[in-house]
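S.K.: One structure coming up, written as C-alpha cells, with questions to follow.
The values are calculated or read from the model by the stated rules, or taken from the named source; none is laboratory data. None of these values were measured; they are calculated from a predicted model. Because the Cβ atoms are built from the backbone with ideal geometry, glycine has one as well, and the counts that use them run over all protein chains shown. For accessibility, only protein heavy atoms count, side chains too; no ligands or nucleic acids. Shrake-Rupley method; radii C 1.70, N 1.55, O 1.52, S 1.80 Å.
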Amino acid sequence: MAPAPAASTAPHADHHGPDGENSGTGRSTIDLAEVEKFAAMAESWWDPVGKFRPLHRLNPVRVGYIRDKAIAHFGRDAEAALPLADLSLIDIGSGGGLLAEPLARLGASVTGVDATPRNVEVARLHAEQAGVKITYLNCAAEDLVAQGKQFDVVLAMEVIEHVADVDAFLGACAKLLKPGGLLFLATMSRTVKSYAMAIVGAEYIMRWLPRGTHDWNRFIRPSEMARGLRRHGLELAELTGVSYNPFKDSFRLSRDLDVNYMALAKGA
C-alpha cells in the first residue's frame, strides 16, 4: 500500500507555495534531493517503455497544445513547415529533451535548462545524434534571470512540483518572459483523485514510475497557480485538463483539472 497523503494540504515545509510571503530575490529554486532523484533515472529518458513512459505518451498532447497556442498568439501560419520560426523558447527542467526536440523541429530557437548535469549530457548527445540544434545549459531559471535573458515562450512543464520554492520559481518564469510572450506550465492538482491516480496508480499499481517520484503534498491546485501567477504580474489566459484513457493508453485535452492540467499565462 502507498502511504496515505498527509492530513495537511499545505505545501512541503521547505517548498514555499505560490501564496508565500517571501517574494524577494536570491532564493534558489533547486531542490538537491529532486536533482539526485532524476539523475538516477537519466539514462532512461529516451526509452519509450522505460521510467519516462508516461511522458512519451503525454508528449504529443503537450507539443500540439504549445504549437497551436503559439501559432494563434503570434499570428503564425499553421500550414508552414516551420510555424515557430524566429520564436525564442526556453524549456525549464528540460530533462532529456523530450519536449525541446520536437519544438525545435517546428522552427523555434530552443534553450533547454536543467539542474541535473546528467540530464543535460543525455539531452545534448541525443540532439546531436538527431541533428537538432538546441542550446542546453546546466543551471536554474534564476541564473538566466540574473543574465537578463528573456524569451518569447517559456515552458515549465511537469517541473514546478519538483522545485524548492514555488513562488521564487514563478517569479523567475515571469522575468524570463518577454512582454507579450506566452508562459506554459503543466503540473498536477492536489486532490484525492490525483493521489489515487498519480501516486497509487502510477507508482504502486502500474509501476510506471519509481516509488517516490512525486510528493502529493507538492502538487498545486489551479486556484493556487492562478494566485501565484497574478502575484508576478502575469495574466492567466487558460486552464486545460489533461486526462488519461487507460483503454486507449493515451492522453487527451479535457475540462477535468483534478489530476493533470496545463496553465497558459500571458506576459504584460
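S.K.: Before we move on, is Ile90 of a type in the set (Val, Ile, Thr), crowded, with 20+ Cβ neighbours inside 10 Å and assigned to a strand (DSSP E or B)?
M.R.: yes
S.K.: A further question follows. For the stretch 27-50, how many residues are within 29 Å of Ala168 (Cα to Cα) and either modelled with pLDDT under 80 or open to solvent by 50 Å² or more (accessible area, probe 1.4 Å) (or both)? It would help to see each step written out before you state the result.
M.R.: Of all residues in the stretch 27-50, those within 29 Å of Ala168 (Cα to Cα) come to 27-42, 45.
Now restrict to residues that are either modelled with pLDDT under 80 or open to solvent by 50 Å² or more (accessible area, probe 1.4 Å) (or both): 27-28, 30-42.
Residues flagged as within 29 Å of Ala168 (Cα to Cα) and either modelled with pLDDT under 80 or open to solvent by 50 Å² or more (accessible area, probe 1.4 Å) (or both) within the stretch 27-50 amount to 15.
S.K.: Please enumerate the residues belonging to the stretch 98-109 that are touching an Asp or Glu at 6+ places or on another chain (Cβ under 8 Å) and either over 11 Å from Tyr136 (Cα atoms) or at pLDDT below 95 (or both).
M.R.: Leu99, Leu103, Gly107, Ser109
S.K.: If I filter the stretch 219-268 down to residues being in a loop (DSSP other than H, G, I, E, B) and of a type in the set (Phe, Trp, Tyr), which single residue comes out as surrounded by the fewest Cβ atoms within 10 Å (Cβ to Cβ)? Please lay out each step first, then the result.
M.R.: Filtering the stretch 219-268 for residues in a loop (DSSP other than H, G, I, E, B) gives 219-221, 232-234, 246-249, 255-259, 267-268.
If we keep only those that are of a type in the set (Phe, Trp, Tyr) too, we end up with 219, 247.
Working: Phe219: 23, Phe247: 5.
So the residue we want is Phe247.
S.K.: Something else now. For Ala263, indicate whether it is small (Gly, Ala, Ser), at pLDDT 95 or above and under 16 Å from Leu58 (Cβ atoms). Step through it out loud before you land on a result.
M.R.: On the way: small (Gly, Ala, Ser): yes; at pLDDT 95 or above: yes; under 16 Å from Leu58 (Cβ atoms): yes.
Answer is yes for this residue.
S.K.: Next up: Filter the stretch 94-118 down to the residues that are in contact with a Gly (Cβ under 9 Å, 6 or more places away or on another chain) and in contact (Cβ under 8 Å) with a residue 40 or more places away in the chain and list them by number.
M.R.: Passing the criteria: Ser94, Gly95, Gly97, Leu99, Ala115, Thr116.
S.K.: Here is a follow-up. Got at least one residue in the stretch 198-218 being under 19 Å from the mean Cα position of the chain (by Cα), open to solvent by less than 20 Å² (accessible area, probe 1.4 Å) and either of a type in the set (Lys, Arg) or modelled with pLDDT of 90 or more (or both)?
M.R.: yes
S.K.: State which residue is nearest to Leu170 (Cα to Cα) when the search covers only the stretch 121-141 and only residues that are surrounded by 21 or more Cβ atoms within 10 Å (Cβ to Cβ) and in contact with a Ser or Thr (Cβ under 8 Å, 6 or more places away or on another chain).
M.R.: Result: Ala141.
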